[in-house]
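Below is one structure; the comments refer to it alone.
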Amino acid sequence: MIDYDVIIVGGGASGFFTAINMAEQNAALKILILEKNKEVLSKVKISGGGRCNVTHACFVPGVLVKYYPRGERELRGPFHAFSTGDMMEWLEKKGVELKIEGDGRVFPVSDNSQTIINCFLREAENLGVEIKTSCGVKLIEKFDNQWIVQTSEKELKTNNLVVASGSSPQIWKMMKAVGHTIVPPVPSLFTFNIPDKKLHQLMGNSVSPVVLKIKNSKLTAEGALLITHWGLSGPAILRLSAWGARELATCDYRFTLQVNWLNGNHFDEVLTVLQTFKNQHPKKAIGTKSPFDFTQRVWKYLIESAEINPEKIWTEIAKKQLVNLTNQLIQTEYEVNGKSTFKDEFVTAGGIDLKEVNFKTMESKLHNNLYFTGEILNIDAITGGFNFQNAWTTGYLAAQAIAEKR
């Protein structure tokens with residue numbers, strides 16, 4: 001005798017979205033969400049600085065997958081089935097007004113994550129989805145084609161089990177016990193600690209676009225760079241940390257970072273600009289007049305890093321000094337010594353090996369009636385709503401697959 005048709009382990013974004021879509025498509029299903037914490041949807045609450053960056057306005061699946069360092073190939077098909085436009089339409093049909101910001105991120109018009117939480121809670125209640133909080137899972141076993149879920153309260157039986165527990169080491173361990181391969185987790189989306197006090201004095205300054213490269217590596221990224229009181233952050237750094245998550249973990253986050261402050265411009269181009277500018281402004285102090293779009297503080301820092309006195313006038317700058325400045329502009333080197341978590345939105349690379357999942361249904365290839373959605377999978381993306389879109393898409397596919405069984 002089963003207790004539920006479907007048990008969903010994890011009361012986060014993907015777990016709720018799976019439950020709601022499943023109940024919408026098959027009202028006969030008895031569905032339970034188990035959440036170990038006192039509150040559900042906690043990550044939704046803090047997303048986007050409390051505004052909830054629900055998705056990104058990238059509507060072409062072939063382009064959208066490029067934002068996923070892990071999962072690019074596997075998500076191509078799923079994004080054709082349910083993508084960003086579908087999610088926006090879904091929310092708007094539930095009464096959630098959305099807006100697209102200049103960088104493509106999508107937020108509720110309310111600028112309040114509680115709007116999304118209230119929507120999910122209301123839909124789950126209206127559809128009869130049962131929710132148990134403060135109810136951790138202690139053991140998961142399979143017996144006679146049923147799944148046994150031992151919770152902190154009691155043992156439950158279900159025909160279908162959806163694991164949407166995010167980056168939970170305990171649940172990963174249980175999945176490993178039933179035969180699944182777990183790709184070891186490492187941090188993704190982190191900033192770089194750089195012990196350079198002169199750099200730290202520029203905190204708050206942003207330079208865009210820059211090109212970054214890890215020395216003696218193929219890892220590169222471009223975009224905006226933000227200087228912080230501990231080192232470097234911003235979209236370019238986060239992209240580099242996401243794509244380099246495993247490689248940078250192997251070197252214990254100690255490596256040499258090269259910064260091209262001029263969007264990848266080459267030596268000859270930059271030197272020509274400097275020489276031309278020198279000829280045009282011979283009597284101007286080099287620290288007060290720049291040919292590039294830097295703040296005066298950043299420009300002065302770069303000049304001094306090239307061992308040039310910013311009070312000297314341009315005509316006093318020798319060719320050798322221009323060469324030094326050019327090298328500084330196109331390839332400043334920093335010794336990175338550790339990482340810092342990006343705000344509260346901690347993302348890991350790692351989880352259920354993607355080769356063991358059917359991405360048409362999100363069902364395990366090893367066990368019937370076992371499904372995975374969201375961040376429990378070895379899928380992660382850069383910031384901008386992409387990680388949530390993985391949660392929505394995989395949840396939708398699992399919901400559809402289970403609902404169509406009956």
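Things worth noting here:
- In region 290-317, the residues that are small (G, A, S) and modelled with pLDDT of 95 or more: S305, A306
- Boolean, A224 is in the same structural domain as E333 (by the TED database) and more than 22 Å from A349 (Cβ to Cβ): yes
- Among the residues of region 278-300, those that are open to solvent by 20 Å² or more (accessible area, probe 1.4 Å) and part of a helix (DSSP H, G or I) comprise K278, N279, Q280, Q296, R297, K300.
- Residue within region 169-177 that is of a type outside the set (S, T, Y) and in contact with a Lys or Arg (Cβ under 8 Å, 6 or more places away or on another chain) present: no
- Identity of the residue in region 129-148, part of a loop (DSSP other than H, G, I, E, B) and open to solvent by less than 40 Å² (accessible area, probe 1.4 Å), that ends up farthest from V163 (Cα to Cα): V129
- Taking the criterion of being open to solvent by less than 20 Å² (accessible area, probe 1.4 Å), under 21 Å from P195 (Cα atoms) and not in a strand (DSSP E or B), the residues of region 231-243 that qualify are G234, A236, I237, L238, L240, S241.
- When I308, I303 are checked against the criterion of being open to solvent by less than 10 Å² (accessible area, probe 1.4 Å), more than 14 Å from F267 (Cβ to Cβ) and outside any helix (DSSP H, G or I), a single residue qualifies: I308.
- Residue match in region 207-214 (condition: within 17 Å of the chain's Cα centre (by Cα) and buried (at least 20 other Cβ atoms within 10 Å of the Cβ)): no
- Assessment of region 180-198 against the conditions (part of a helix (DSSP H, G or I) and either surrounded by fewer than 15 Cβ atoms within 10 Å (Cβ to Cβ) or of a type in the set (A, V, I, L, M) (or both)) yields at least one matching residue.
- One residue from G15, G49 being closer than 27 Å to S110 by Cα, in a helix (DSSP H, G or I), in the same structural domain as K360 (by the TED database) and modelled with pLDDT under 95: G49
- Among the residues of region 87-125, those that are charged (D, E, K, R), assigned to a helix (DSSP H, G or I) and without any contact (Cβ under 8 Å) to a residue 40 or more places away in the chain comprise E89, E92, K93, R122, E125.
- When residues in region 265-277 are screened for being part of a loop (DSSP other than H, G, I, E, B) and surrounded by 14 or more Cβ atoms within 10 Å (Cβ to Cβ), 1 of them pass.
- Note on region 18-46: among residues that are part of a helix (DSSP H, G or I) and of a type in the set (K, R), the one that is farthest from A381 (Cα to Cα) is K45.
- Flag not set for W230, criterion: outside the structural domain of Y301 (by the TED database) and farther than 21 Å from Y67 by Cα.
- The C-beta contact set for region 282-300 (first residue touching a residue at least 40 places away in the same chain (Cβ under 8 Å), second residue of a type in the set (D, E) and open to solvent by less than 60 Å² (accessible area, probe 1.4 Å), distance under 6 angstrom, 6+ apart or interchain) is empty.
- Among residues of region 249-263 that are in the same structural domain as Y334 (by the TED database) and part of a helix (DSSP H, G or I), those with a Cβ under 6 angstrom from a residue that is open to solvent by 20 Å² or more (accessible area, probe 1.4 Å) and of a type outside the set (S, T, N, Q), sequence gap 6+ or separate chain, pair up as A249/V186.
- Contact map, region 183-207: first residue outside the structural domain of D380 (by the TED database) and without any contact (Cβ under 8 Å) to a residue 60 or more places away in the chain, second residue open to solvent by 10 Å² or more (accessible area, probe 1.4 Å) and part of a strand (DSSP E or B), Cβ cut-off under 9 Å, separation 6 or more or different chains; pairs are M203/L226; G204/L226; S206/A224; S206/L226.
The values are calculated or read from the model by the stated rules, or taken from the named source; none is laboratory data. Remember, predicted model here, so these are calculated numbers, not experimental data. Positions of Cβ are backbone-derived with ideal geometry, glycine not excepted, and every protein chain shown enters the neighbour counts. In case anyone asks, the SASA skips ligands and DNA or RNA and just uses the protein heavy atoms, side chains included. Shrake-Rupley method; radii C 1.70, N 1.55, O 1.52, S 1.80 Å.
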